[in-house]
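Asker: I'd like to ask you about the structure that follows.
The values are calculated or read from the model by the stated rules, or taken from the named source; none is laboratory data. Just so it is clear, the structure is predicted and the values come from calculations on it, not from any experiment. Here the Cβ positions follow ideal geometry from the backbone for every residue, glycine too, while neighbour counts run over all protein chains shown.
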């Protein structure tokens, strides 16, 4: 019920009140039940003004990452229904895979796992992802799509597009994509994405798309201090006051992912998305060094194709890069 109360208060015109009677009728509960929920919300930090004969008004919302707060900020059709929230967990990807293996068919598809803290967050190639309490957004989307396993890796790029679009919409920062799965602002990493799949030869069991967004961090471990940043730090750098609601940002990113995912499903590739992706691609028209198992080489990145492969122009022609790790001059330096 608290989720619905928050949603109704948010939907009210600025400065206006929602009457207790309206809340009772919309929710099908008693005035006492509404009052108890309001009391519980106030105890968790929400500032709600109650005026006799007028009703309730939401005055201040703290940056709370909770199931109720996330759901009240969500306007998706199917994604995030349900939300599974954890104050602390080892890894949202690990938990999503546990649930995926315990459910049958399409059960669980669209579930979003969110944690305020991860004790064993991971990035690409098993690297640790710093996930302390109250600082970031750490979440995983569980998908059970009817797609060819060969097309699953493109979902990493779909989520990169969604994360960049969501951050740009909420903060106004110039968030860009470093192929294939990082979001950077002013050359520093803000977001990491890790996609994992369980599949048969011709059938996907499940896919989990994990994302970590640095929001309130003010410092980072020494090994990444020069290459990582947070949204708060970048807003301060731009002369703006950071006032980010993590639940609100998460809701926006999930709405963006639902939108782009449905476009992707129509063709099971990025043919309808690669132009928009390339418009945000920080690698585009930049010198890159490709670290490939077959050997390193340099060239100029031209953008991605409809399969999500990075097109790199070399003296002998254009080469498609679908694996390995790409380093871009000026973005992290050469690694």
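Asker: Look at residue 15 and say whether it is surrounded by fewer than 18 Cβ atoms within 10 Å (Cβ to Cβ), touching a residue at least 24 places away in the same chain (Cβ under 8 Å) and on the phi > 0 side of the Ramachandran plot.
Answerer: Judged against the criteria, residue 15 is a match.
Asker: Hey, residue 34 hits all of (1) more than 23 Å from residue 251 (Cα to Cα); (2) within 33 Å of the chain's Cα centre (by Cα); (3) not in a helix (DSSP H, G or I) but one; which does it fall short on?
Answerer: (3)
Asker: Taking residue 263 as meeting all but one of (1) surrounded by 20 or more Cβ atoms within 10 Å (Cβ to Cβ); (2) in contact with a helix residue (DSSP H, G or I) (Cβ under 9 Å, 6 or more places away or on another chain); (3) in a helix (DSSP H, G or I); (4) without any contact (Cβ under 8 Å) to a residue 60 or more places away in the chain, write down the number of the exception.
Answerer: Checking residue 263 against (1) surrounded by 20 or more Cβ atoms within 10 Å (Cβ to Cβ); (2) in contact with a helix residue (DSSP H, G or I) (Cβ under 9 Å, 6 or more places away or on another chain); (3) in a helix (DSSP H, G or I); (4) without any contact (Cβ under 8 Å) to a residue 60 or more places away in the chain, the one that fails is (1).
Asker: Look through the range 268-306, keep the residues that are in contact (Cβ under 8 Å) with a residue 12 or more places away in the chain and out of contact with any strand residue (DSSP E or B) (no Cβ under 9 Å at 6 or more places or on another chain), and return whichever of them is surrounded by the fewest Cβ atoms within 10 Å (Cβ to Cβ).
Answerer: Filtering first and then ranking leaves 293.
Asker: If you take the residues of the range 152-161 that are in a helix (DSSP H, G or I) and in contact with a strand residue (DSSP E or B) (Cβ under 9 Å, 6 or more places away or on another chain), which of them is farthest from residue 209 (Cα to Cα)?
Answerer: Per the stated criteria, the residue is 161.
Asker: Only one residue in 90, 63 is farther than 17 Å from residue 142 by Cα and either within 31 Å of the chain's Cα centre (by Cα) or in the same structural domain as residue 255 (by TED's automatic domain parsing) (or both), so which one is that?
Answerer: 63
Asker: Going by what's in this entry, would residue 184 be described as modelled with pLDDT of 95 or more and in contact with a helix residue (DSSP H, G or I) (Cβ under 6 Å, 6 or more places away or on another chain)?
Answerer: Judged against the criteria, residue 184 is not a match.
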